[in-house]
Amino acid sequence: MKSKEQVISHVTKNNPQYFHQFKLNDNILKALDGMNFRTPTEVQRKVIPLALDHLDVMVQSQTGTGKTAAFGLPILKRLRPDDNRTQALILAPTRELAIQIAKEIKCYGKFTRAHIVPVYGGQKIQTQISLLRKGAHVVVSTPGRLIDHLGRNTISLNHVDTVVLDEADRMLDMGFIEDIMRILRHTPRTRQTMLFTATLLREVQILARDFMHKPIKVLLSSDRLVVPSIDETFYQVGRRNKLWALMQVVTLEDPHQAIIFCETKRMVDIVAERLHKLRIKASALHGDFRQSKRERIMSRFRKGDIRFLVATDVAARGLDILAVSHVFNYDVPENKEQYVHRVGRTGRIGMKGRAITLVSKEDFHSIAEIERFLDRKIQLEMVPENITGRGKDKESKTRNPLRKVLDFNDMADTFGMIRLRLDAGEEQGVTNFELVEFLSSDNPMWDINIGMIEVSENETLIEIKKHVISQAMKRFQREKYKGLRLHYDFIQNIRKEDA
């Protein structure tokens, strides 16, 4: 259905304030009333009237804004209950999201005769075939499993009136572009297509151009912004101290529930295991888990039995959990879009959220890209120390049980130099020449490891190469300089623009 894309910025003239103003049928309104749904969200106010008019819409909106009702209610309104053929198709990137969407639409259609069937990998395909044969008005599916059914001729999309692509950018991120195109070619050219995305990636716009008919673009969030109700902080910490830093900020923040993102499955397992040993209610979640185990973990997380979910990007895609107060990026994501998706797990439907990212010096280039994408700076801070917690878990009510270790690689600048501040200066008789002699007395060639020395009235700043810093520390601790014991502390290198 390739047609010239005609996208406009839409503003609803009659902006409904209550669900009954959408002219939904009584059975749907009865279900909404039972769920205490009376006032629609912004995405529902703007999209439902367009969807009821059978228009194609391209909606840019963050997860957690009420999208499911925005497309689910119009679908239920137009369903023909006496026709058992599939009339609506909803594609979602993950099995968790497909299950959740189906569950929500079933709640909205509780008093209708609508049959909603989720179709996803990990469940026996024969079970799904049996349900589809009985009649499925609405099919909610992941792309891969739907391709399986099309190949087996166990589903027909010939009478689909509406197609919804939920979290389209994520589906494309996961490599489903060819599957989605193939699926859309199995649907009627006269269908209505609704596309929901958090970011307007080029691939998303190409998909809209080739498979939508004059879509109306509804912008509810900029593709260059994260949800405004989220506070973001970058904390600089070396790789050796990341777990210590995580415990510090967890103790400081005292999150209600949080997702901790790691880049690899192995790191997910390591972090979850360490938290578990610290008697913190945490569980790992990644692609190696069987579907039954994943569903048990998510059920416990939704109930609040698990406080911290440690997950990879792929495992956490499509999760829609309102209780998540914090997102912790244990590892900086590989690209800027992933950062937006991760951070979007918190601050749902106007609730306040916090996103904290642990950054090592090797990540400075990545966070600079993220900031350019967001078109704003995020303050880079040092991890606070000497924190006493007030949290829910036993350990977070005391000090961090983990000790910070010296990480000379993190302390060093790009030239391999580590800066020390000594507690003596001109008043105490410190001079550049004598300080170099003091440090290199055992080895005259040792002075090549010393960089800048700045002597002020009562303190001295000195640079020493990281591979000999331990020797310098021992000399300060064991020997006196002109009868003085020189005490030192480290001057942490932080990104220049944040200094």
- [ ] Taking the options I469, I418, I464, I491, name whichever one is within 30 Å of S366 (Cα to Cα), out of contact with any helix residue (DSSP H, G or I) (no Cβ under 8 Å at 6 or more places or on another chain), touching a residue at least 24 places away in the same chain (Cβ under 8 Å) and among the β-branched types (V, I, T).
- [x] I491
Task: Check on V343, buried (at least 19 other Cβ atoms within 10 Å of the Cβ), touching a residue at least 12 places away in the same chain (Cβ under 8 Å) and not polar (S, T, N, Q) - done: yes
Task: the range 417-450, residues that are farther than 14 Å from A472 by Cβ, within 48 Å of the chain's Cα centre (by Cα) and not hydrophobic (A, V, I, L, M, F, W, C) - done: D423
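Run down K46, K77 and say which single residue is under 11 Å from V218 (Cβ atoms), at pLDDT 90 or above and either touching a Lys or Arg at 6+ places or on another chain (Cβ under 7 Å) or charged (D, E, K, R) (or both). Break it down into steps so the answer makes sense when it comes.
Values: K77 fails: under 11 Å from V218 (Cβ atoms).
None of the other options fit; the residue is K46.
Return yes or no: is I270 of a type outside the set (S, T, Y) and either more than 30 Å from A412 (Cα to Cα) or part of a helix (DSSP H, G or I) (or both)? Walk me through how you get there before you give the answer.
Details: of a type outside the set (S, T, Y): yes; either more than 30 Å from A412 (Cα to Cα) or part of a helix (DSSP H, G or I) (or both): yes.
In short, yes.
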TODO: Specify the residue that is modelled with the lowest pLDDT; the eligible residues are those in the range 432-454 that are surrounded by 15 or more Cβ atoms within 10 Å (Cβ to Cβ) and not in a helix (DSSP H, G or I).
DONE: S440
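Residues are listed down the side, and each one gets a yes or a no for (1) without any contact (Cβ under 8 Å) to a residue 24 or more places away in the chain; (2) out of contact with any strand residue (DSSP E or B) (no Cβ under 7 Å at 6 or more places or on another chain); (3) under 24 Å from G66 (Cα atoms):
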site: G151; (1), (2), (3): yes, yes, no
site: V164; (1), (2), (3): no, no, yes
site: T199; (1), (2), (3): no, yes, yes
site: I206; (1), (2), (3): yes, yes, no
site: R209; (1), (2), (3): no, yes, no
site: M212; (1), (2), (3): no, no, yes
Open item on the list: Would you confirm whether or not the range 477-490 contains a residue that is loosely packed, with under 15 Cβ neighbours inside 10 Å, closer than 18 Å to A412 by Cβ and out of contact with any Pro (no Cβ under 8 Å at 6 or more places or on another chain)?
Closed with: yes
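Output the residues belonging to the range 71-105 that are within 27 Å of the chain's Cα centre (by Cα), surrounded by 22 or more Cβ atoms within 10 Å (Cβ to Cβ) and either over 22 Å from V340 (Cα atoms) or outside the structural domain of L24 (by TED's automatic domain parsing) (or both). Reasoning before the result, please.
To start, the set of residues in the range 71-105 that are within 27 Å of the chain's Cα centre (by Cα) comprises 71-72, 89-105.
Going one step further and asking which of them are surrounded by 22 or more Cβ atoms within 10 Å (Cβ to Cβ), we end up with 71-72, 89-98, 101-102, 105.
If the condition is that a residue be within 27 Å of the chain's Cα centre (by Cα), surrounded by 22 or more Cβ atoms within 10 Å (Cβ to Cβ) and either over 22 Å from V340 (Cα atoms) or outside the structural domain of L24 (by TED's automatic domain parsing) (or both), then F71, G72, L89, I90, A102, I105 are the ones that fit.
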- [ ] Collect the residues in the range 140-154 that are surrounded by fewer than 22 Cβ atoms within 10 Å (Cβ to Cβ) and aliphatic (A, V, I, L, M), keeping them in residue-number order.
- [x] I147, L150
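Test M267 against the criterion of being over 16 Å from the mean Cα position of the chain (by Cα) and either among the aromatic types (F, W, Y) or surrounded by 23 or more Cβ atoms within 10 Å (Cβ to Cβ) (or both), and give yes or no. Steps first, please.
Numbers: over 16 Å from the mean Cα position of the chain (by Cα): yes; either among the aromatic types (F, W, Y) or surrounded by 23 or more Cβ atoms within 10 Å (Cβ to Cβ) (or both): no.
When the stated conditions are applied, M267 does not pass them.
Looking only at residues that are part of a helix (DSSP H, G or I) and at pLDDT 85 or above in the range 275-297, which one is surrounded by the most Cβ atoms within 10 Å (Cβ to Cβ)?
This residue is L275.
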Open item on the list: On the basis of being over 14 Å from L89 (Cβ atoms) and either under 33 Å from the mean Cα position of the chain (by Cα) or assigned by TED's automatic domain parsing to the domain that holds L195 (or both), does L131 make the cut?
Closed with: yes
TODO: Look through the range 455-499, keep the residues that are of a type in the set (S, T, N, Q) and not in a loop (DSSP other than H, G, I, E, B), and return whichever of them is modelled with the highest pLDDT.
DONE: T460
Task: Test: A136 is touching a strand residue (DSSP E or B) at 6+ places or on another chain (Cβ under 8 Å), more than 30 Å from D313 (Cα to Cα) and not assigned by TED's automatic domain parsing to the domain that holds E295 - done: yes
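The values are calculated or read from the model by the stated rules, or taken from the named source; none is laboratory data. Just so we're clear, the structure is a prediction, and the values are computed from it rather than from any experiment. All Cβ positions, glycine included, derive from the backbone under ideal geometry; neighbour counts span all protein chains shown.
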